[in-house]
Amino acid sequence: MSEIYRTVGEKIRDLRTHHRGKGISQEQLALALKTLGVNTTANTISRWETATYKPSVEDLEKLARFFGVPISVFFPQIEPSEQVRALLSATGNLGKDDLEELTRYALFRKARGEIRKTRRK
């Protein structure tokens, strides 16, 4: 079993057992995740927690949303840079269209910077 999946499983269990100060059962978590579009069962939650099954990035994103934590909480050994944290904070509640527009703008700014570098040479 990969260490990262064991770490992720432990974090899922920790978040679940301490949710709102008292914790929730695996069954309650599975039902809550269904409202966010994750079709899962208590058995799957158990297997995530023991690293028998590997949750997808989408599953982790929904778990993070449910628990009100950033997705990076599942990967404590990977510390995002200050720039990445700022972007995550600023874009956290944007919809798909807004994120696509922001991505296009960022690519435009990046290309413009490259053109300016080329002209200076």
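What follows draws every value from the coordinates through simple rules; no lab data is involved. Only a predicted model underlies this, so the values are computations on that prediction, with no experimental measurement involved. Here Cβ is always computed from backbone atoms with ideal geometry, including for glycine, and neighbour counts include all displayed protein chains.
Please work out how much length the chain gains when fully extended from Ser72 to Glu3, using 0.36 nm per residue of separation minus the C-alpha to C-alpha distance, in nm with one decimal. Walk me through the numbers on the way to the answer.
Numbers: separation 69, 0.36 × 69 = 24.84 nm, distance 1.59 nm.
Between Ser72 and Glu3, full extension yields an extra 23.3 nm.
Please determine, in degrees from 0 to 90 and to the nearest 10, the orientation of helix 82-91 with respect to the longest principal axis defined by the Cα atoms of the chain, where the helix direction is its Cα long axis.
Around 80 degrees separate the two axes.
Would you mind calculating the relative contact order of segment 3-74 from Cα pairs under 8 angstrom and at least 6 residues apart, reporting the percent as a whole number? Let's see the in-between values first.
Values: 73 pairs, mean separation 24.4, N = 72.
Across segment 3-74, relative contact order equals 34 percent.
Please give the length that would be gained between Leu36 and Thr52 if that part of the chain were fully extended, namely 0.36 nm times their separation in residues minus their C-alpha to C-alpha distance (nm, one decimal). Numbers along the way, then the final one.
On the way: separation 16, 0.36 × 16 = 5.76 nm, distance 2.28 nm.
Roughly 3.5 nm would be gained on extension.
DSSP loop trypsin sites (Lys or Arg not before Pro) in segment 1-89 with at most 12 other Cβ atoms within 10 Å of their Cβ, which ones?
Here the trypsin sites (Lys or Arg not before Pro) that fit, given the DSSP loop and packing criteria, are Lys22.
Give me Arg120, Arg112 ranked fewest to most by other Cβ atoms within 10 Å of their Cβ, as a rough exposure proxy. Working shown, then result.
Numbers: Arg120 6, Arg112 10.
The fewest-first ordering by Cβ neighbours comes to Arg120, Arg112.
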